[in-house]
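Structure, as structure tokens:
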Amino acid sequence: MISFLLLCLTCSSFSKTLDIYDADRDRYIPISVDFPSKNIDCSTSQKCNVAFISAGNKVPYQKYQFITQLLNSMSYMTVAVDHELPNDPPLSIIGDLFKTRIENWQRGATTLDFLQRKLPTRFPEYNFHNIVLVGHSNGGDISAWLANKGKPYISKIVTLDNRRVTLPKTAQIQVLSIRATEYPTAESVLLTEEEQDIYHSCIIEIENSKHMDLSDYGAISVKQRVESLIKGFLSGQDCNTLKSRNIATLE
């Protein structure tokens with residue numbers, strides 16, 4: 001199989017790096033905005049899709065280019081968000097991490113919610129009322145935290161090995177959670193098989209994969225499988241098809 005990552009070296013999209021000011025919190029939010037491939041037309045009458053990408057702890061927020069390029073080829077504008085600013089408290093690594101990281105998840109969710117309200121005036125050719133959240137590790141926990149708040153503009157969420165915040169259980173939001181096998185996940189975070197059926201969501205494990213494989217630093221073979229799963233999920237494939245797709249990428 002030829003990786004989309006390799007094929008996309010010829011993709012024609014462009015990006016902007018911006019600092020968006022949140023006056024209520026006196027906070028500048030660095031973002032990287034990547035636009036759909038050049039052959040895709042977006043307009044105020046035919047708006048293109050939007051995805052917010054949230055990075056894992058200590059992973060630079062722009063280090064998910066293999067996902068960014070895939071989404072750009074699928075008509076998505078991607079907004080990669082820097083959630084960890086120099087003056088922020090460091091992310092806790094000891095104790096009950098669910099309790100000690102709540103402040104971080106709340107702050108990140110507030111940032112995503114702010115950007116959903118702020119960016120439409122800058123980018124009127126894009127649909128901010130039907131957003132896909134993508135998050136790796138702690139960024140996945142931030143995405144899940146916001147998705148659990150009942151925001152009507154979230155249509156789907158893709159988490160990459162988030163480990164502590166429970167995934168949303170609602171028919172209004174479809175979930176794809178791609179799991180690495182390196183570390184355990186906290187109890188009750190993932191949906192059961194029955195819940196996956198009820199909510200048309202999907203949990204898929206990539207065998208022998210590491211936590212950081214789900215970023216640009218990962219093994220190409222794992223990133224190929226992540227690309228295939230995300231593409232299938234956003235194209236409307238059901239969980240059984242996605243699981244078959246996951247197995248097929250091994251062949």
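The values are calculated or read from the model by the stated rules, or taken from the named source; none is laboratory data. Fair warning: this is a prediction, and the values are worked out from it, not measured in the lab. Neighbour counts are summed over all protein chains in view; Cβ atoms, including those assigned to glycine, are modelled from backbone coordinates with ideal geometry. These area figures cover heavy atoms from the full protein model, side chains too; ligands, DNA and RNA do not enter into them. Shrake-Rupley method; radii C 1.70, N 1.55, O 1.52, S 1.80 Å.
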Using a 1.4 Å probe on the protein heavy atoms only, what accessible surface does residue 143 show? Give it in Å² to the nearest 10. 0 Å²
Quick one: what are the phi-derived ³J(HN,Hα) couplings along the range 142-155, Karplus 6.51/-1.76/1.60 with θ = phi - 60°, whole Hz, x for glycine and proline? 4, 4, 5, 4, 5, 4, 7, 8, x, 6, x, 8, 8, 9
Does the chain come out rounded, prolate or oblate by the C-alpha gyration tensor, with a ≥ b ≥ c the root eigenvalues, rounded set by a/c under 1.5 and, if not, prolate when a/b is larger than b/c and oblate if not? rounded
Where in the range 180-209 does the amide nitrogen come within less than 20 Å of the point 7 Å from the Cα of residue 247, taken along Cα to Cβ? 180-181, 193-194, 196-197, 201-209
Solvent exposure of the chain as accessible area per residue, Å², 1.4 Å probe: 47 Å²
Under 17 Å between alpha carbons, and skipping anything fewer than 8 positions from residue 16 in its own chain: which lysines qualify? 38, 63, 118
Excluding residues fewer than 8 places away in the same chain, name every one of the aspartates and glutamates whose C-alpha is closer than 15 Å to that of residue 151. 113
Accessible area of the chain belonging to carbon and sulfur atoms, whole % at 1.4 Å probe: 50 percent
Checked the range 92-159 with the C-alpha gyration tensor, a ≥ b ≥ c its square-rooted eigenvalues, rounded below a/c of 1.5, otherwise prolate if a/b is larger than b/c and oblate if not; verdict prolate
Among 34, 22, 88, determine the one that fluctuates most according to a GNM of the chain built with springs between C-alpha atoms less than 10 Å apart. 88
Area accessible to solvent at residue 197, 1.4 Å probe radius, in Å²: 110 Å²
Residue span residue 207 to residue 24: 0.36 nm per residue of separation minus Cα-Cα distance leaves a gain in nm of 61.5 nm
Under 11 Å from a label point 7 Å along Cα→Cβ of residue 195: give me every residue in the range 141-155 with its amide N that close. none
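Given 0.36 nm per residue, what is the gain on full extension from residue 188 to residue 57 after removing their alpha carbon distance, in nm?
So the extension gain works out to 45.0 nm.
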Shape of the range 21-95 from its Cα gyration tensor (a ≥ b ≥ c, root eigenvalues): rounded if a/c is under 1.5, otherwise prolate when a/b > b/c, or oblate? oblate
Relative contact order of the chain (C-alpha contacts under 8 Å, at least 6 apart) in percent is 16 percent
Nearby aspartates and glutamates by direct alpha-carbon distance to residue 210 (threshold 14 angstrom, same-chain neighbours under 8 apart not counted): 161, 182
